[in-house]
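The values are calculated or read from the model by the stated rules, or taken from the named source; none is laboratory data. Remember, it's a predicted structure, so these values are computed and weren't measured experimentally. Glycine also receives a Cβ, built like all others from the backbone with ideal geometry; neighbour counts cover every protein chain displayed.
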Amino acid sequence: MPPALVKGEKSFLRDIAVAVAVAAAVFALSYANGGFAPTTRSYAAIAAWWLLGIGAAIGVASAWAGISRLALVAVGLLSAFTIWILISVNWASDVERTFEQFNQVSLYVAIFVIATVISRIVPAYVLVSGVALALSAIAGVALVSRFFPSVFGTQPGLNELPTLINRLSFPLGYWNGLGIEVAIAYPLLLSIMASRRSRVASALAAFPLPLLAAVMYLTSSRGAFVAAAVAVVAFLALTPRRWPVVAAIVVAAAAGAVSVATLVHKKSLVNGLTNTAVGDQQGHRAALVIGLACILTSLVWLGLMELGKRVPTPAPAVGRATAIAAAVLVVVAIVLSHPVSKFDAFKSTASNSSGSTVTTSHLLSSSGSGRWQFWGAAISEFKAHPLNGGGAGSWGAWWLEHGSLARSGFFTQYAHSLYLESLAELGIIGLLLIGGFVVVAVVGAVRSALALGSSEIAAAAACGIAFFVAAAYDWVWQLSGIALVGVGMLGIALGALPSTRGAWGRAAALRPAVAVVAVAAIIPQFVTIAAGAHLSNSHAAFTARDATRARSQALAARALEPWASSPYLQLGRISEAERRYVEASQWLHKAISHSPRDWQLWLVAAEIQTRLATHSSGAKARQAIARAERYADESRRLNPGSPYFHNPS
C-alpha cells in the first residue's frame with residue numbers, strides 16, 4: 001500500500017477514535033445526572049487533568065506550537081477565577097460548598113485547556129461531530145425515557161420534586177438543563193448538514209432534528225428555545241456558507257414543527273402520565289411518528305443537497321435584503337408582543353397563561369418563575385459584600401434568609417445566573433474574572449471563525465456563545481455535562497486560529513510546570529472522592545446499625561476534609577443514636593463552626609438539646625431546653641420560610 005494511503009488511513013482511524021472518545025466523554029458525564037454530583041465532577045476532573053499532565057509531559061503542547069496569546073489570556077482569567085474561589089474559603093459561610101465549587105471550576109479549566117490544544121491537533125469537524133453525536137444521543141435517551149418509561153425505570157427525585165412527572169428531565173435531572181443542552185446542538189448539526197465533506201454525514205446530521213425539538217417541547221423549557229435561537233443566529237452570522245445553512249435551518253424548523261404537532265394533542269404523554277393505558281399508547285404512537293420524521297428529514301435533506309448543486313447561489317444583495325427583512329420582522333414582533341407588559345409579567349411569579357397541557361401553559365407563560373427575585377437577592381448580597389462577596393457557595397443561604405420568595409417556601413440553591421451569582425458570592429473581583437474570561441473567549445472564538453472561514457469553527461463558537469448566554473438566566477454552569485460542552489466549544493474555536501508568534505513554542509520549558517500543576521489539581525479531586533466514599537460508607541453502616549464502622553468511616557472523612565461540616569454532622573447523628581447527647585452536641589458545634597449559616601445544622605443541634613433535656617433533670621435540663629430554644633430560633637432566622645416551622649409535624 002502506498003505510504004500516502006497508509007498515512008490517510010491512520011488519520012481517518014485517529015479521527016474516528018477521537019470523535020468517539022469525545023462523544024463518549026460528553027455523553028457519560030451528561031447521563032450521570034448532568035455531572036451535578038461533586039464526586040462525578042471529581043472523577044471527570046481527574047481524567048481531564050491526568051490527560052493534560054500526560055500531554056504536557058510528552059511534549060504535545062510544544063510539538064503543536066501556535067496557541068494564541070488571546071487563548072492564554074482566557075486560560076489565565078479562568079484559572080484566576082478558580083483561585084479566587086479557593087481564596088474565598090477565608091470568608092465563606094460554608095467551606096465545604098466553597099471547596100466543591102473550586103473543584104468544579106478546576107474541571108472547566110482543564111477542559112478549556114485541552115480543547116484549546118487539541119484543536120491544533122485534530123480537525124474541527126471531528127470534534128464538532130463527536131459533541132453533536134453525544135448531544136443527539138442524550139436527546140434520544142430522553143425521549144425513550146418518556147415514550148417507553150419501563151426502559152429506564154422510575155426517575156430519581158420524583159417524591160421530592162413532583163414537577164419531574166410533567167417536564168421531561170431524564171437523564172440530566174433538570175428539565176431546563178436538558179432542554180438547553182440539546183438546544184445548543186443545533187449549530188453543530190447544521191454545520192455538518194451544510195458541509196461538503198460527505199453526503200452521508202450530512203444526511204445523518206439531519207436525522208436527530210425532530211428529536212431535539214421534541215425534547216425541547218417536552219421539557220417545557222423557554223430557556224432552551226432562547227438558547228437555540230441564539231445558537232442558530234450566531235452560527236448564521238459566523239458561517240461562510242450562509243445559504244446552505246439557511247436551507248438547513250428551514251428543514252430543522254419544519255422537522256421541529258412536525259415533532260411538536262405530533263405531541264401537542266397527546267395530553268397524557270406530554271403531562272408525563274405514562275403509567276396509564278392512554279399515556280402508554282400515546283408514547284408508542286409518538287415514537288413511531290417521530291422516528292419516521294427523522295428518516296424523512298434525512299431523505300429530504302439529501303434531496304435538497306442534490307437540488308442545491310443545480311441552483312445558482314443568490315447574489316449578495318439578496319442576502320443583505322433577506323437579513324434586513326428578517327431583522328425588521330423581529331423588531332415588529334417584539335413591538336407587537338407588548339414588551340413592557342411582558343417584562344412586568346416576567347417579574348411576577350404567577351403563571352399568566354393557559355394551555356391544554358402543563359407544558360403548553362408554561363411555554364406560553366411570561367413569568368420569570370422567580371428569576372427576578374433570585375437576581376434581586378444576588379444584588380442585595382453583593383451590596384453587603386461589594387469587593388469580595390459572601391464567599392463561593394453562599395448565595396443559597398443568603399436566599400433562605402433574605403429572599404422575598406424564600407419566606408413563602410420557595411427554595412433554590414442557585415441564583416439562576418452565573419454572572420449575578422458570581423457577583424454576589426465573589427464580589428466585583430469575581431465578576432470581572434469570569435466576565436473577562438467569557439468576553440475574551442467569545443471574542444477569540446468569533447475572530448477564529450471569521451478569519452478561518454470554517455463552518456465547523458463557526459458552529460463551535462455559536463455553541464459556546466449560546467451556552468454562556470443561557471448561563472445568564474439559568475444554573476447550567478452547575479451541570480458539568482453541559483458546561484464542559486460550552487467551555488470546550490469556545491476552547492476549540494479559540495485555539496483553532498494559530499498565533500504567528502507561536503506562544504506555546506516559546507513556552508516549551510514550562511511543560512514540567514504544567515505537569516506539576518496537573519498533579520496538584522488532581523489531589524483535591526481525590527480528597528473529595530475519598531471523603532465522599534467514607535461518608536457514604538458511614539451512612540450505610542449507620543443504616544445497618546453498625547455504629548462502630550459508621551463512626552470510623554465518618555472519622556476518616558473528617559480526617560480528609562476537616563473543613564467540611566458533613567462528617568461532623570454524621571458523627572453527631574451517630575452519637576445521638578447511642579444516646580450520648582453531650583458528645584453529639586459537641587460534634588454539632590464543630591459542624592456549625594464550619595457552616596454557621598446552615599439552618600439544618602442549627603435545627604439538628606436543637607433536637608439534640610431537646611433529647612438531652614428529656615434525659616436530664618434540674619438545672620441541666622433547664623439549660624438544655626434554653627439552648628434548644630436558642631438553636632431553634634437561629635434555625636428559624638436563617639430559614640424563616642421553611643415549612644418545618646409552620647408545620648413541624
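Of the helices (runs of 4 or more DSSP H) that lie entirely inside segment 186-230, those containing 3 or more residues that are small (Gly, Ala, Ser) and assigned by TED's automatic domain parsing to the domain that holds Val358 span 199-206. Can you list the helices (runs of 4 or more DSSP H) found entirely within segment 234-344 that contain at least 3 residues being of a type in the set (A, V, I, L, M, F, W, C) and within 32 Å of the chain's Cα centre (by Cα)? Hits in segment 234-344: 242-263, 277-308, 316-336. So which residues in segment 78-91 are surrounded by fewer than 22 Cβ atoms within 10 Å (Cβ to Cβ) and within 14 Å of Ile428 (Cα to Cα), if there are any at all? Of everything in segment 78-91, just one residue is surrounded by fewer than 22 Cβ atoms within 10 Å (Cβ to Cβ) and within 14 Å of Ile428 (Cα to Cα), namely Ala80. Checked across segment 404-420, the condition of being in the same structural domain as Asn176 (by TED's automatic domain parsing), under 23 Å from Val109 (Cβ atoms) and small (Gly, Ala, Ser) holds for at least one residue.
Would you call Ala584 among the small types (Gly, Ala, Ser), in a helix (DSSP H, G or I) and surrounded by fewer than 19 Cβ atoms within 10 Å (Cβ to Cβ)?
On the way: among the small types (Gly, Ala, Ser): yes; in a helix (DSSP H, G or I): yes; surrounded by fewer than 19 Cβ atoms within 10 Å (Cβ to Cβ): no.
Answer is no for this residue.
Being more than 33 Å from the chain's Cα centre (by Cα), hydrophobic (A, V, I, L, M, F, W, C), farther than 27 Å from Val89 by Cα and part of a helix (DSSP H, G or I) is not true of Ala605. Within segment 297-308, the residues that satisfy the criterion of being surrounded by fewer than 18 Cβ atoms within 10 Å (Cβ to Cβ) and in contact (Cβ under 8 Å) with a residue 40 or more places away in the chain are Leu299, Val300, Leu302, Gly308. When the residues of segment 116-154 are filtered to those that are of a type in the set (Phe, Trp, Tyr) and in a loop (DSSP other than H, G, I, E, B), the one that is nearest to Val485 (Cα to Cα) is Phe152.
Selection of segment 608-623 for residues being touching a residue at least 24 places away in the same chain (Cβ under 8 Å) and in a helix (DSSP H, G or I) yields Ile608, Gln609, Arg611, Leu612. The single residue among Ala591, Ala621, Ala584 that is among the hydrophobic types (A, V, I, L, M, F, W, C), modelled with pLDDT under 95 and touching a Leu at 6+ places or on another chain (Cβ under 9 Å) turns out to be Ala621. On inspection, Asp633 qualifies as surrounded by fewer than 16 Cβ atoms within 10 Å (Cβ to Cβ), at negative phi and of a type in the set (Asp, Glu).
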